[in-house]
Amino acid sequence: METQRELKKMKPPTANKSRSMSERVLRASDGWFDKIGLRPLGIAVFTASVVAFVQLLGMTVGSVRSEAVATSRIIEHPSPVGSFATDVFVKPGDFVEIGSPLIQLSSRFIERELTRLEGRVEELRDESLLAEATLHVNEERWLDPGLRQRPNRPSLEAPTKAFFSKQLELLEARRMVLAEEMEALVVRSSFRGVVAEVTRLGAWVSVGASVASVMPEFAEEIVAYMPPGTNPALIAQESVAYIVGTPYEECLIPGRVKRRGAAVSEAPGQLKGLFLNAVHGMPVHVSIPDGCKLGNGQVVTLDFRLEVHS
């Protein structure tokens, strides 16, 4: 027992000092919260109420602000043929210009089709010559001798020539299409921007399937997610929306509401609520002023206003 008492006396007072310090801080903060009559949870609730009140006030007086995301559609690049990738010139994240090569497709199947087509053309020409010779012999054999000398004598020679000529014309048109497809085997970017996805080397690609997707360099529109109770006049088509706090003169011109969604949907992850919860609202698509450059995914604040005409 005496040994335990001696150990307690020898114990350093550091822990007691730390506890007493934290207690003093808590008492001081409690005193501050007592003065204002609120606790941390109450402050959070009060702040949320103020934000909601300001939003509601804006809905009723002809102006409302909302955070929005600048965005653009991803541009897909379809394959002109069914083939597989023999070369891939880019990777996700690469910046490309208009006309930059994205992917090379194999010409094997087109070359095989061209070879078959050339053979069919030769066969058709031989068939045409044989048909004309056979027809001539038969007509000379069976026609009345008195009709053979007449310039307008009945004959199947002209229809036969027209038939084979049409068949050869179709094959020639098909050959031209294949030649164009051969030139299009190198798929090039149709936009200036960043590569989002690209087909891997050796992968099979069906006709019309995308071989690469490109995100344009700058956003094409701004999308805000508005509460369902927003004044309809504020977000009607052609209503104005100003970008708040922009330092660029080109972005001071107001954008116009292009369209709005028909239902409430979840906003992108960049837009978070007060407590970092997901935001839901009615998407409102707003045009970007000419010359105003906004990056894809950039968050901006829009001020929707009712225009007052004097």
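Worth a mention:
- If you go through segment 240-254 and pick out every residue that is closer than 13 Å to Ser66 by Cβ and either part of a loop (DSSP other than H, G, I, E, B) or small (Gly, Ala, Ser) (or both), you end up with 2.
- For segment 176-189, filtering for residues that are crowded, with 16+ Cβ neighbours inside 10 Å and in a strand (DSSP E or B) leaves 2.
- Output for segment 295-310, where each listed residue is of a type in the set (S, T, N, Q), within 18 Å of Glu221 (Cα to Cα) and either part of a strand (DSSP E or B) or without any contact (Cβ under 8 Å) to a residue 24 or more places away in the chain (or both): Thr301
- Residues satisfying the stated conditions in segment 160-190, i.e. of a type in the set (Ser, Thr, Tyr) and in contact (Cβ under 8 Å) with a residue 60 or more places away in the chain: Ser189, Ser190
Listed here are the residues, each with its yes/no results for (1) surrounded by 14 or more Cβ atoms within 10 Å (Cβ to Cβ); (2) assigned by TED's automatic domain parsing to the domain that holds Gly193; (3) out of contact with any Lys or Arg (no Cβ under 9 Å at 6 or more places or on another chain); (4) within 30 Å of Val194 (Cβ to Cβ).
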{"position": "Thr230", "(1), (2), (3), (4)": "yes, no, yes, no"}
{"position": "Ala233", "(1), (2), (3), (4)": "no, no, yes, no"}
{"position": "Tyr242", "(1), (2), (3), (4)": "yes, no, no, yes"}
{"position": "Pro254", "(1), (2), (3), (4)": "yes, no, no, yes"}
{"position": "Glu266", "(1), (2), (3), (4)": "no, no, yes, yes"}
{"position": "Gly291", "(1), (2), (3), (4)": "no, no, yes, yes"}
{"position": "Gly297", "(1), (2), (3), (4)": "yes, no, yes, yes"}
{"position": "Val300", "(1), (2), (3), (4)": "yes, no, yes, yes"}
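- For segment 62-113, the set of residues classified as of a type in the set (A, V, I, L, M, F, W, C), under 30 Å from Thr301 (Cβ atoms) and surrounded by 19 or more Cβ atoms within 10 Å (Cβ to Cβ) consists of Val64, Ala68, Val69, Ala70, listed by residue number.
- Selected residue (only one of Arg192, Arg153 is at pLDDT below 75 and either in the same structural domain as Leu114 (by TED's automatic domain parsing) or surrounded by 15 or more Cβ atoms within 10 Å (Cβ to Cβ) (or both)): Arg153
- Contact map, segment 266-294: residues that are of a type in the set (Lys, Arg) paired with residues that are modelled with pLDDT of 90 or more and not in a loop (DSSP other than H, G, I, E, B), Cβ distance under 8 Å, separation 6+ or inter-chain. Pairs shown: Lys293/Glu250.
- Members of segment 206-226 that are aliphatic (A, V, I, L, M), more than 17 Å from the chain's Cα centre (by Cα) and either closer than 23 Å to Phe95 by Cβ or in the same structural domain as Ala241 (by TED's automatic domain parsing) (or both): Ala224, Met226
- Filter result for Thr199 (in contact with a helix residue (DSSP H, G or I) (Cβ under 6 Å, 6 or more places away or on another chain), of a type in the set (Ser, Thr, Tyr) and either within 16 Å of Thr71 (Cβ to Cβ) or crowded, with 17+ Cβ neighbours inside 10 Å (or both)): no
- Arg125 fulfils the conditions (1) within 30 Å of Trp204 (Cα to Cα); (2) at pLDDT 75 or above; (3) part of a helix (DSSP H, G or I) except for a single criterion, (1).
The values are calculated or read from the model by the stated rules, or taken from the named source; none is laboratory data. No experiment lies behind these values; they were computed from the predicted model shown. Here the Cβ is made from the backbone with ideal geometry for all residues, glycine too, and neighbour counts use every protein chain on show.
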